[in-house]
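Let me begin by presenting the structure, written as structure tokens, before commenting on it.
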């Protein structure tokens, strides 16, 4: 199967992000190729979910920092159907800066 970078709305995903999206969507929509995924994504848009800017170390003691706290500092991309209510897909962005 030939891989390709997927464009969602105005955002061109990296190859790593395209692979993550393909793995999530292929189970839900029974897709077999990246070309089918790109065709489906023509009706979708995307949004970047930025991490919350909170100085957690100042708020919480070191013992209270949890995996959940660490996950709130991760940037995600959310992909959603812009035409109708459908499944939303969220995955970790390759660019964490």
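For region 12-24, name all the residues that are closer than 18 Å to residue 87 by Cβ and in contact (Cβ under 8 Å) with a residue 24 or more places away in the chain.
Correct list: 13, 17, 20, 21, 24.
It is to be established whether one or more residues within region 31-45 are modelled with pLDDT of 75 or more, under 20 Å from residue 4 (Cα atoms) and in a strand (DSSP E or B). Explain how you work it out, then say what you get.
If we filter region 31-45 for residues that are modelled with pLDDT of 75 or more, which is where we start, we get 31-45.
In the following step, the residues that additionally are under 20 Å from residue 4 (Cα atoms) were identified as 31-45.
Now restrict to residues that are in a strand (DSSP E or B): 44-45.
Yes, that holds for at least one residue.
Among the residues that make up region 71-90, is at least one of them at pLDDT below 90, part of a helix (DSSP H, G or I) and farther than 18 Å from residue 7 by Cα?
Yes, region 71-90 contains a residue that is at pLDDT below 90, part of a helix (DSSP H, G or I) and farther than 18 Å from residue 7 by Cα.
The values are calculated or read from the model by the stated rules, or taken from the named source; none is laboratory data. On a predicted model such as this, the values are computed, not experimentally measured, just so you know. Using ideal geometry, Cβ is built from the backbone for each residue, glycine included, and neighbour counts are taken over all protein chains shown.
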